[in-house]
Amino acid sequence: MLIDQATNMTNIIAAQIIKVFYPFVIAKTETGEYLSLNLSTNEQLDPLFWDELRSILQAKLWVPIGRHYHQLLDNGWLAVGIS
């Protein structure tokens, strides 16, 4: 079975951060869809969070995003290994 076919992966989207400007973060999914990420108040006020987002943007890393609420997932990739 492919990882993408696992049932626990249906609520996770892989996306790349393409734009970071306070208080907005724009990401592009594998299918080319652009998403404005919903950030919590704590994330919006955390300068370290913004520095890390800029680092992720520069490295062009793929991040897990919740399909329904368009929020960054802190344990999204870990769901892959759970069966």
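The values are calculated or read from the model by the stated rules, or taken from the named source; none is laboratory data. Values in this document were obtained by computation on a predicted structure and should not be read as measured data. Virtual Cβ from ideal backbone geometry, glycine too; neighbours counted across all protein chains shown. Note: areas computed on protein heavy atoms with side chains; ligands, DNA, RNA excluded. Shrake-Rupley method; radii C 1.70, N 1.55, O 1.52, S 1.80 Å.
Return the residue satisfying two criteria in turn: it lies in the range 35-66 and is assigned to a strand (DSSP E or B) and of a type in the set (Val, Ile, Thr), and of such residues it is most open to solvent (accessible area, probe 1.4 Å). Working first, answer last.
Looking only at the range 35-66, we keep the residues that are assigned to a strand (DSSP E or B), and these are 35-36, 62-66.
Next, from what is left, pick out any that are of a type in the set (Val, Ile, Thr): 63, 65.
Details: Val63: 17, Ile65: 0 Å².
So the residue we want is Val63.
Pairs, please: C-beta under 9 Å, at least 6 apart or cross-chain, first residue under 17 Å from Phe24 (Cβ atoms) and in the range 57-73, second of a type in the set (Lys, Arg) and open to solvent by 90 Å² or more (accessible area, probe 1.4 Å)?
Leu57/Lys19
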